[in-house]
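Notes follow once the structure below has been shown.
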Amino acid sequence: MSEIIYNKDKDSYQILGLSPLATDEEIKSRYRKLSRLFHPDLHNSDPASQKKQQDINEAYNNLNSQNRTTYDKLRNEVLKPNKLIKKFGETLNDLSKTASNFAFRFINSSGIENLEAYDEYIKFLHEIEPKFIEYGESIIPFLEGVANKRGKISKETLEQYQITIKRELEFVKRRASAFDEFQIFYKKSIEEMQKLYNKTIPLKDYTNPSNRTKYNQSDYEKKKTEIKNILKKLSEERLMALNNLKVELGKRYIRYNDFLKFRGLEEQTISSLSISKLNNLLPLIDQLKIILNKQGIAIEDYLNNMGLNIMTVTEEQLELILNNLSTMQSPNLVELDKILRENSGEDKTMRTP
């Protein structure tokens with residue numbers, strides 16, 4: 001058992017918010033209420049909550065049925081109660097504790113209203129605490145605002161505290177709502193960036209749930225604007241690439257809309273990566289066209305003969321054709337057809353010997 005000492009700056013009665021004439025049952029009841037309010041498990045092991053719970057535990061240890069007599073003796077020696085309280089104590093020495101409590105309230109009548117208001121305030125905090133927890137907040141700062149001041153704060157002040165707390169809760173709700181809205185906006189933006197632009201934006205600080213109470217609404221609005229500007233720039237770059245593709249296809253007399261349609265693509269949903277791949281096709285088409293023109297062969301006819309179409313031919317197919325052509329000294333249509341059919345995996349058993 002720890003040694004019982006009295007510290008005027010940490011009066012156990014003040015910590016528990018009780019009078020020195022409180023009954024043992026009142027002390028136990030107050031200890032349970034405060035423990036439920038400040039227990040560290042309810043506040044994510046918050047250091048301030050741990051410290052408060054430690055003070056409450058020490059206060060209850062001093063005032064339990066085994067130690068209270070010793071503690072009261074040490075306390076009285078330090079405080080040396082004024083004559084009025086001493087006189088009442090002597091007069092009420094033979095009365096019951098109930099009568100003593102009544103006497104304490106009587107001689108402190110100016111604080112009666114405050115004590116009752118304080119109890120109402122604690123009750124109010126118990127009722128509103130779950131609403132704060134729902135949004136990841138804590139009411140500890142508000143309780144600390146009146147800690148150890150019971151009997152020194154007017155009823156009106158405590159009522160004002162309640163009004164302030166309700167206003168704060170509305171602010172907390174708005175902040176949580178801003179966080180939730182930003183999460184939805186961020187998720188949609190990232191999906192759009194990955195789908196259309198093959199890019200992403202890491203914003204861990206703003207998307208981490210543990211930071212739900214860290215930023216206010218204006219912070220999220222600024223980040224939204226920043227992301228919107230990035231999306232706008234990427235969209236402009238994508239449209240520029242599409243327009244360039246349209247121009248280049250036009251130079252080759254390839255119909256832009258059909259070029260996309262036959263490939264199962266749509267202008268609104270085609271990604272920047274797909275546009276880049278389509279643009280990569282054009283130099284390969286030009287190379288094949290030059291080689292075939294020397295043989296007097298139209299590229300459309302040659303591709304059709306191979307079962308291919310200029311509207312659907314892929315980069316891989318064009319590279320294969322060009323690689324085979326580069327190995328031939330005097331390319332002609334028949335030889336090319338034979339080689340390409342063999343490389344395309346056609347069943348040789350179906351060919352005429």
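Summary of values
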{"item": "Residue 293 being polar (S, T, N, Q), in a helix (DSSP H, G or I), modelled with pLDDT under 90 and surrounded by fewer than 16 Cβ atoms within 10 Å (Cβ to Cβ)", "result": "yes"}
{"item": "Residue in the range 244-255 that is open to solvent by less than 70 Å² (accessible area, probe 1.4 Å) and of a type in the set (Lys, Arg) present", "result": "yes"}
{"item": "Yes/no for residue 281 being surrounded by 15 or more Cβ atoms within 10 Å (Cβ to Cβ), among the aliphatic types (A, V, I, L, M) and out of contact with any Lys or Arg (no Cβ under 6 Å at 6 or more places or on another chain)", "result": "yes"}
{"item": "Contacts under 7 angstrom Cβ, first residue in the range 182-203 being touching a residue at least 40 places away in the same chain (Cβ under 8 Å), partner polar (S, T, N, Q) and in a helix (DSSP H, G or I), 6 or more apart", "result": "186/207; 196/272; 197/272; 198/272"}
{"item": "Check on residue 113, charged (D, E, K, R), at pLDDT below 75 and under 52 Å from the mean Cα position of the chain (by Cα)", "result": "yes"}
{"item": "Residue within the range 239-252 that is assigned to a helix (DSSP H, G or I), under 15 Å from residue 310 (Cβ atoms) and basic (Lys, Arg) present", "result": "yes"}
{"item": "Cross-chain or 6+ apart pairs with Cβ under 6 Å, the range 260-279 first and under 19 Å from residue 250 (Cβ atoms) and modelled with pLDDT under 95, then of a type in the set (Phe, Trp, Tyr) and open to solvent by 60 Å² or more (accessible area, probe 1.4 Å)", "result": "none"}
{"item": "Number of the exception - residue 220 against (1) part of a helix (DSSP H, G or I); (2) open to solvent by 30 Å² or more (accessible area, probe 1.4 Å); (3) aromatic (Phe, Trp, Tyr)", "result": "(2)"}
{"item": "Lone unmet requirement of (1) open to solvent by 80 Å² or more (accessible area, probe 1.4 Å); (2) without any contact (Cβ under 8 Å) to a residue 24 or more places away in the chain for residue 33", "result": "(2)"}
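The values are calculated or read from the model by the stated rules, or taken from the named source; none is laboratory data. From a predicted model like this one, the values you see are computed outputs, not experimental measurements. Heads up, the Cβs are rebuilt from the backbone with ideal geometry, glycines too, and the neighbour counts pull from every protein chain shown. Ligands, DNA and RNA are excluded from the accessible area calculation, which covers all protein heavy atoms including side chains. Shrake-Rupley method; radii C 1.70, N 1.55, O 1.52, S 1.80 Å.
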